[in-house]
Amino acid sequence: MLAPFAVEHSRGRRYPEPTHPYRNDFQRDRDRIIHSRAFRRLEAKTQVFTRRYSDHFRNRLTHTLEVAQISRTIAAQLGLNVDLVEALALVHDIGHPPFGHAGERALDNAMRQHGLFFDHNLHALRIVEDFELRYAAFRGLNLTFEVREGIIKHSRDYAPAQFPELTEYLLDQRPPLEAQLIDWTDELAYSTADLDDGYEAHLVTLEQINEGVPVFARFFGEVRKLYPGAAPKLQFNEVLRRILDRWVGDLIRNTQAQVEAAGLAALDDVQTYSRRLAGLSADAESERRQTKQFLYQNLYNCPSLEPEKEDGERIISDLFELWMKHPERLPTGYQEKADAEPLARVICDYIAGMTDPYIYEQYEKHCG
Ligand code: MG
């Protein structure tokens, strides 16, 4: 069933464990991720919209589940390791702080004041390697090499000279296709989902979308002919599922074609190839870029979301500075950690792990 260039087996775990009688290594990793505390907290972390808007908009957890669902479909068609892909999809956003991208920016800015920085992939690695405490024999989840490698390499390259601590992840090699896929699936999932939530939130109108998103306009014409009497939201849904289906089909076909053109016959060929091979065709990629640009201009940067983003940024930077000045007000466990690591890093880890409601509570308690 597996393609010759798929990941077949794991290189192993940091702490060797006996094999399980009826789950393979990647299925166990998937299950460990689902049972982690950090995974459960995704439910109360903002993706784009806070709870104030609606209970049925995406949060980080439901976004993650959508990425996992789409990734499984694509991986199966390409003959990739579906269990590994599912584990990678479920863990891909686990390192995100509260308040979505505004929170990420604020945390990074706060860290840069102290000569450090925040990166959600590196933070995700710290969560699964160190912060999750479930097992008596070791800290962390003891995930396979491939899942840890994918956490680091799914969305960007890290220069080996700049990140000596990541040497074990073979930074000069491309990640397996299972990991390359995740970044694309993530893009396709949120580009369609954010149009959906943005439309339901009345932040963008059908006219605006038809004007700014050509692939939408194209399918909208088709859907209106097919279902002229249908409610606008149902027409909208029909368009959206056609876009997702088109992009997913394109990603499968184009990746397959790239792999064939490159003559990849083994996993090793994927890793030593000069570039990443998963991706959309030029046409679909230009549609995706137009859609993303539309979302930035009309949704992510829209004035009505601004006050909430500013609130989030202020809460993070005020709490960060408060604990820098008064480390004695941190929970005891974090105070102890600051003996071994820079205080700013400890505060950053604490804040990054928080849900939106929890950080609001902390703000009320310390700064309110
Ligand atoms: Mg994501």
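Once the C-beta distance of GLU364 and HIS114 is scaled by a Förster radius of 22 Å, the resulting FRET efficiency is 0.30 to the nearest 0.05. Each residue of the stretch 32-44 was assigned a 3J(HN,Hα) from its phi angle through the Karplus curve 6.51 cos²θ - 1.76 cosθ + 1.60 (θ = phi - 60°); the sequence is 5, 5, 4, 8, 7, 5, 4, 5, 5, 5, 4, 4, 10 Hz, with glycine and proline shown as x.
Ranking of TRP323, TRP184 by solvent-accessible surface, largest first: TRP184, TRP323 (1.4 Å probe, protein heavy atoms only, all chains present). Whole-Hz Karplus values for the stretch 300-309 come out as 4, 9, 6, x, 6, 8, 4, x, 5, 5 Hz, taken residue by residue from phi with 6.51 cos²θ - 1.76 cosθ + 1.60 and θ = phi - 60°; glycine and proline positions read x. Figure note: TYR53, TYR296 ranked by solvent-accessible area, largest first, 1.4 Å probe, ligands and nucleic acids not counted: TYR296, TYR53. Modelled spin-label separation between TYR15 and ALA136, with each label point placed 7 Å from Cα along the Cα-to-Cβ direction: 1.1 nm. Tell me, what % of the accessible area of the stretch 182-268 is carbon and sulfur with a 1.4 angstrom probe? Carbon-and-sulfur percentage of accessible area, whole number: 53.
Ordered by 1.4 Å accessible area with all protein chains kept, MET324, MET354 run largest first as MET324, MET354. Which whole-number percent of Cα pairs in the chain have a distance greater than 35 Å? Tail of the P(r) past 35 Å holds 29 percent of the pairs.
The value of relative contact order for the chain, using C-alpha pairs under 8 Å at least six residues apart, is 22 percent.
Here the spin labels are modelled as points 7 Å beyond Cα on the Cα-Cβ line, and at GLN69 and LEU206 they lie 2.4 nm apart. Note on GLN271 and TYR334: with the Förster distance fixed at 45 Å, the Cβ-Cβ geometry gives a FRET efficiency of about 0.70.
Residues within the reach of a label modelled at ASP172 (point 7 angstrom out along Cα to beta-carbon, backbone nitrogen below 20 Å), restricted to the stretch 249-273, are 267-273. Among GLU287, GLU178, GLU260, the largest mean-square fluctuation in a Gaussian network model of the chain (Cα springs under 10 Å) belongs to GLU260.
Using a probe of 1.4 Å, the accessible surface attributed to LYS365 totals some 140 Å² when neighbouring protein chains are kept in position. So what does log10 I(q)/I(0) come out to for the stretch 311-367 at q = 0.21, 0.28 Å⁻¹, using the Debye formula with one equal point on every Cα and no solvent? Calculated log10 I(q)/I(0) at the listed q: -0.74, -1.27. Per atom type, the stretch 1-157 shows carbon and sulfur on 50% of its accessible surface, probed at 1.4 Å.
For a modelled paramagnetic label at LYS325, 7 Å from Cα along Cα-to-Cβ, no residue of the stretch 73-105 is in reach, as no backbone nitrogen comes under 15 Å.
How much area per residue is accessible in the chain when the probe is 1.4 Å and only protein heavy atoms are counted (Å²)?
Counting only protein heavy atoms, the per-residue value for the chain is 46 Å².
A simple rule links phi to the HN-Hα coupling: the Karplus curve 6.51 cos²θ - 1.76 cosθ + 1.60 with θ = phi - 60°, which for the stretch 107-120 gives 5, 5, 4, 4, 5, 5, 4, 10, x, 10, 8, 10, 9, 5 Hz, with x for Gly and Pro.
The values are calculated or read from the model by the stated rules, or taken from the named source; none is laboratory data. Not measured: the values here are computed from a predicted model. Cβ: placed from backbone, ideal geometry, glycine included. Neighbour counts: every protein chain shown. These area figures cover heavy atoms from the full protein model, side chains too; ligands, DNA and RNA do not enter into them. Shrake-Rupley method; radii C 1.70, N 1.55, O 1.52, S 1.80 Å.
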